[in-house]
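The values are calculated or read from the model by the stated rules, or taken from the named source; none is laboratory data. Keep in mind it's a predicted model, so treat the numbers as computed, not measured. Here Cβ is always computed from backbone atoms with ideal geometry, including for glycine, and neighbour counts include all displayed protein chains. When the accessible area is computed, the model is the full protein with side chains, heavy atoms only, and any ligands, DNA or RNA have been set aside. Shrake-Rupley method; radii C 1.70, N 1.55, O 1.52, S 1.80 Å.
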Amino acid sequence: MAFVDPDSTSGNLVPTAEIVQAFPDDDLNSDMLHTNGDFFEAVSFSGSHQAGLQAVVKGDVDVAPISDQILASEIANGNANESDVKIIHESGAIPAEAMVVAEHVDQETRDLLTEFLTSYDNEQYFTDVIKVPGARFIECDMSDYQEIIELNKIINEF
């Protein structure tokens, strides 16, 4: 098993929590899933979704989590073939990274930033940089990340 990075939500946090939940009788925890021989024969961190995909393609590892957007991009760019991999599980939607503003920033500036970002409509940017045609920035708050907070509690046993 090649997780992506200890701090990756889609490449470590979500897969770890979902494996723990999928095997309730095994009393798994994050440490067990990340220790050679405890659950997986061998465990590593690939460093990136793309590197994990290549490790699977080359046969160096059997399983690696990968973002669906990155997988689609890697296939579209010819870095992997659809036939090179078999999807064995898909998680629910994972909220994207948020942009945050420090508490000391005045409300007028916060409002200006929010207005700029939520009205930003450069399709080329979203297609080329975000890699999601039709995507847009939306306003969010901590409630949008509650599911991720709960997953973090599961794997850290709070």
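Worth a mention:
- Carbon and sulfur %, accessible surface of the chain computed with the full protein complex present, 1.4 Å: 50
- Of the residues Glu150, Glu103, ranked by 1.4 Å probe accessible area with the largest first, the sequence reads Glu103, Glu150.
- Percent RCO, i.e. relative contact order, over the chain, from Cα pairs under 8 Å lying at least 6 residues apart: 26
- Accessible area per residue for the chain, computed on protein heavy atoms with a 1.4 Å probe, is 68 Å².
- Among 2-12, 67-77, 51-61, 115-125, the peptide with the highest mean count of other Cβ atoms within 10 Å heads the list, and the full ranking is 2-12, 51-61, 67-77, 115-125.
- A simple packing score, the average count of other Cβ atoms within 10 Å per residue, orders the peptides 27-40, 131-144 as 27-40, 131-144, with the highest score first.
- Entry for Cα Rg over 2.2 N^0.38 Å (calculated from the structure that is shown) out of [x] 0.99; [y] 1.22; [z] 1.35: [y]
- Dipole check for the chain: with +1 at the C-beta of Lys and Arg, -1 at the C-beta of Asp and Glu, and the Cα centre as origin, the magnitude is about 500 Debye.
- In the elastic network of the chain, a GNM with C-alpha springs shorter than 10 Å, the most mobile of Ala102, Ala64, Ala17 is Ala102.
- Ordering Ala135, Val63, Ser30 by the projection of their Cα atoms onto the charge dipole of the chain, which places +1 on the Cβ of Lys and Arg and -1 on the Cβ of Asp and Glu, puts Val63 at the extreme positive end.
- Placing His89, His104 in order of accessible area, with the largest value first and a 1.4 Å probe, yields His104, His89.
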